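Taken together, the values in this text are just the output of simple stated rules run on the coordinates, not laboratory data. Since this is a predicted model, take the numbers as computed values, not measurements. Glycine also receives a Cβ, built like all others from the backbone with ideal geometry; neighbour counts cover every protein chain displayed.
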Amino acid sequence: MSILPQHPLTIKDQADSLLRQFIGYNMKRAYHEIQAELTQAFKQIGLKIGSFAVLCAVLEYPGLKQSALAENLAIEQANLVQMLDDLEKKGLVKRERASGDRRAYALFITEKGKKLCLQAQQICSDLEADFLQDCSAQEIDSLITLLQKIEGRVKAKRI
């Protein structure tokens, strides 16, 4: 006997109801919605989500090596190079040869990059406040803790 509905789906039905039992699927769907909102909001200031992550990391850790950034943000090196080329052309970051290793680059945010990053952080904070308005502070803290536990467990299994 099939557990799928025997009637045609209507607009009100969810075609993914079987998948909704899986945490990963729910995380993917939530991220998809958040990503769409952030993409639209960041487009207004000429920024992409990946570039926002790079700016935040370089703002927090001036002189961060390009290779460490790629590893920490889980970005393929080739993709990161393209992002950095774009950010550098826009005057948002600068690359300098790392001291002690002429093959490596250290990354620094410019004043223009810092200003844009802070503006993007505010946009992100505002959107998150809207997304999470029905959640208590405790629920938000729990969500963050659980997501970090899941990430850590999955990473540990790969090592």
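Is it the case that the range 96-104 has a residue that's touching a helix residue (DSSP H, G or I) at 6+ places or on another chain (Cβ under 9 Å) and among the polar types (S, T, N, Q)? Even if it seems obvious, please write down each step before you answer.
To start, the set of residues in the range 96-104 that are touching a helix residue (DSSP H, G or I) at 6+ places or on another chain (Cβ under 9 Å) comprises 98, 104.
Add one more test, that the residue is among the polar types (S, T, N, Q), and what stays is none.
Within the range 96-104, not a single residue is touching a helix residue (DSSP H, G or I) at 6+ places or on another chain (Cβ under 9 Å) and among the polar types (S, T, N, Q).
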### Query
Considering the range 58-95 alone, what residues qualify as being exposed (fewer than 11 other Cβ atoms within 10 Å of the Cβ) and either over 19 Å from Leu116 (Cα atoms) or touching a strand residue (DSSP E or B) at 6+ places or on another chain (Cβ under 6 Å) (or both)?
Pro62, Ala74, Glu76, Ala78
### Summary
Of the candidates Leu116, Leu107, the one satisfying the condition of being in contact (Cβ under 8 Å) with a residue 12 or more places away in the chain, aliphatic (A, V, I, L, M) and in contact with a strand residue (DSSP E or B) (Cβ under 7 Å, 6 or more places away or on another chain) is Leu107
#### Entry: Looking only at the range 111-159, and only at residues there that are of a type in the set (Val, Ile, Thr) and over 23 Å from Leu92 (Cα atoms), the one that is surrounded by the fewest Cβ atoms within 10 Å (Cβ to Cβ)
Ile159
### Query
So which residues in the range 78-129 are more than 16 Å from Gly46 (Cβ to Cβ) and of a type in the set (Gly, Ala, Ser), if there are any at all?
Ala78, Ala98, Ser99, Gly100, Ala104, Ala106, Ser125, Ala129
